[in-house]
Amino acid sequence: MSIIGKAKKAKLDLAVYEFAGDLPSESYASTEYELSTVDDTDSVRRFFGDDSEWRDRYFEYLNDEYVGMVLHEGDDVMSYGWILTPESKRAPRALPDSICGEDWYWLFDARTMPEYSGQGLFKEINRVRTEWILERDPDATIYTDTGVDNVARYGIESSQFEPCGTMSLFRFELPGTPLWKWSRWNRHTEHPAMPE
């Protein structure tokens with residue numbers, strides 16, 4: 001197989017959102033939880049240490065100066081998400097590097113564990129991350145995104161984010177070389193219909 005045949009290629013079509021609401025003071029969650037910030041290697045090990053792939057990825061996130069937040073019961077993760085800040089060194093794989101040249105915050109890599117789904121925790125992890133940002137910077141510009149065919153769009157829109165166009169991101173990576181990314185963000189493109 002040629003080296004080009006070993007390349008990893010991907011095209012992502014993303015729906016982009018901007019925070020444009022009033023942050024609700026009450027939780028979206030229908031269950032109790034503890035909230036922790038993931039900002040050092042000990043907290044990564046505590047919440048993600050059982051899975052070496054995720055643990056190593058989140059160590060890289062710390063090196064890139066992202067901030068993580070976890071909703072949990074004891075050491076059991078319920079939901080989590082990460083924040084790119086103006087101090088972050090580079091963009092994560094699924095976002096264009098150009099967003100690091102701006103004075104923005106970007107919510108990314110959020111997930112609710114399947115056993116905790118249906119309890120409002122995805123909206124809640126969006127709320128607590130947004131709250132953390134606004135306490136730090138009351139005039140912050142905050143974005144998030146998801147695949148245009150991802151049902152997470154419902155949770156994003158119902159947690160005070162409004163559509164802000166679509167983004168196409170192309171990734172190309174050869175073994176042993178840095179990842180190359182190209183993107184186009186059309187802020188005025190309407191989002192496609194919501195997925196079912």
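Debye sum, Cα scatterers, the chain, no solvent: what log₁₀ I/I(0) at q = 0.10 1/Å?
Computed log10 I(q)/I(0) values: -0.43.
For Cα pairs less than 8 Å apart in space and 6+ apart in sequence, what is the mean separation divided by the residue count of segment 1-75, i.e. the relative contact order in percent?
Values: 42 pairs, mean separation 26.5, N = 75.
Relative contact order comes out at 35 percent.
Residue by residue, what Karplus-based ³J(HN,Hα) values in Hz, rounded to whole numbers, does segment 136-144 have, using 6.51, -1.76 and 1.60 with θ = phi - 60° and x for Gly and Pro?
Karplus-based 3J(HN,Hα) across segment 136-144 equals 7, 8, x, 9, 4, 9, 10, 10, 8 Hz.
Find which of Ala94, Pro163, Val38 sits farthest along the positive direction of the dipole of the chain, computed with +1 on the beta-carbon of Lys and Arg, -1 on that of Asp and Glu, about the Cα centre.
Looking along the dipole axis, the top candidate is Ala94.
I'd like the Karplus ³J(HN,Hα) series for segment 37-46: coefficients 6.51, -1.76, 1.60, θ = phi - 60°, whole numbers in Hz, and an x wherever there's a Gly or Pro.
8, 9, 9, 8, 5, 5, 5, 5, 4, 4
Along segment 120-134, what does the Karplus equation 6.51 cos²θ - 1.76 cosθ + 1.60 (θ = phi - 60°) give for ³J(HN,Hα), rounded to whole Hz, x for Gly and Pro?
The phi angles translate into x, 6, 5, 4, 5, 5, 5, 5, 5, 5, 5, 4, 4, 5, 5 Hz.
Per the Kirkwood formula on distinct C-alpha pairs, the Rh of segment 74-143 is how many angstrom?
Details: mean 1/r = 0.0763 Å⁻¹.
It works out to 13.1 Å.
Where does the charge balance sit around Ile156 when Lys and Arg score +1, Asp and Glu -1, over other residues with C-beta under 10 Å from its C-beta?
Cβ neighbours under 10 Å give a net charge of -1.
Only Lys, Arg, Asp and Glu count, each charged at its Cβ (+1, +1, -1, -1), so figure out the dipole size of segment 98-196 about its Cα centre, rounded to 20 debye. Each step should come with its number before you reach the end.
Values: 10 positive and 16 negative charges, 53 e Å.
The dipole of segment 98-196 has a size of about 260 debye.
Throughout, read-outs are computed from the coordinates displayed, never taken from laboratory work. Bear in mind the structure is a predicted one, so any value in this text is a computation, not a measurement. In this analysis, Cβ positions are derived from the backbone assuming ideal geometry, glycine residues included, and neighbour counts consider all displayed protein chains.
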